[in-house]
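Comments concern the structure below.
Read-outs: derived from the displayed coordinates by stated rules, not from any lab. Predicted model, so just to flag it, every value in this text is computed and none were measured.
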Amino acid sequence: MAIKRIVFLFLIFFLITNNISAEIKSLKNNKTNVRLGPDISYPIKWKYKKKYLPVQILDKHYNWRKIKDFENDTGWIHISQLSNKKTVISIEENVLVFSKPTMFSRPVKKLSRNYSLILKKCSGNWCKVKNKNVIGWVQKDKLWGKFSN
């Protein structure tokens, strides 16, 4: 009976910690301070200057979230600076956006590295994305961010 409880507690712990590490949010504003610790008394580590940049939540402390970006940089952000908007970012140079989810469709635009996009939906290995300059389909392995629908 004790073994079952230990296994059950381990399973619960694994599910909770695994769920936190998979949480992805996006930056709400064009300017966001990233701090060394979870309070305004901590110095600013750097500033993001890009809205809709996806970030992964690593830890929580009251109203602060420890985040990691696609370059594995980490720091603390206040929850007021985060959005639930599903976003992705291109992780390679010259990523093609297609009109349909196939390489045989018409290319719409060529993206540079670090190009932020709003995620509309994913289907197989393709994701439909948009922003004010483009709408179309991109191969999922060329993107980093939140892929669940």
Once the in-chain neighbours fewer than 8 apart are removed, the aspartates and glutamates whose Cα is under 17 Å from Lys100 read Asp141
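Mind checking the full-extension length gain between Ser41 and Ser83? Use 0.36 nm per residue of separation minus the Cα-Cα distance, one decimal, nm.
Values: separation 42, 0.36 × 42 = 15.12 nm, distance 2.32 nm.
Here the answer is 12.8 nm.
Give Lys60/Lys109; Lys68/Lys120; Lys31/Lys60; Lys31/Lys132; Lys51/Lys128 a once-over and call out the pairs whose C-alpha atoms are over 30 Å from each other.
On the way: Lys60/Lys109 38 Å; Lys68/Lys120 23 Å; Lys31/Lys60 21 Å; Lys31/Lys132 19 Å; Lys51/Lys128 19 Å.
Over 30 Å Cα-Cα: Lys60/Lys109.
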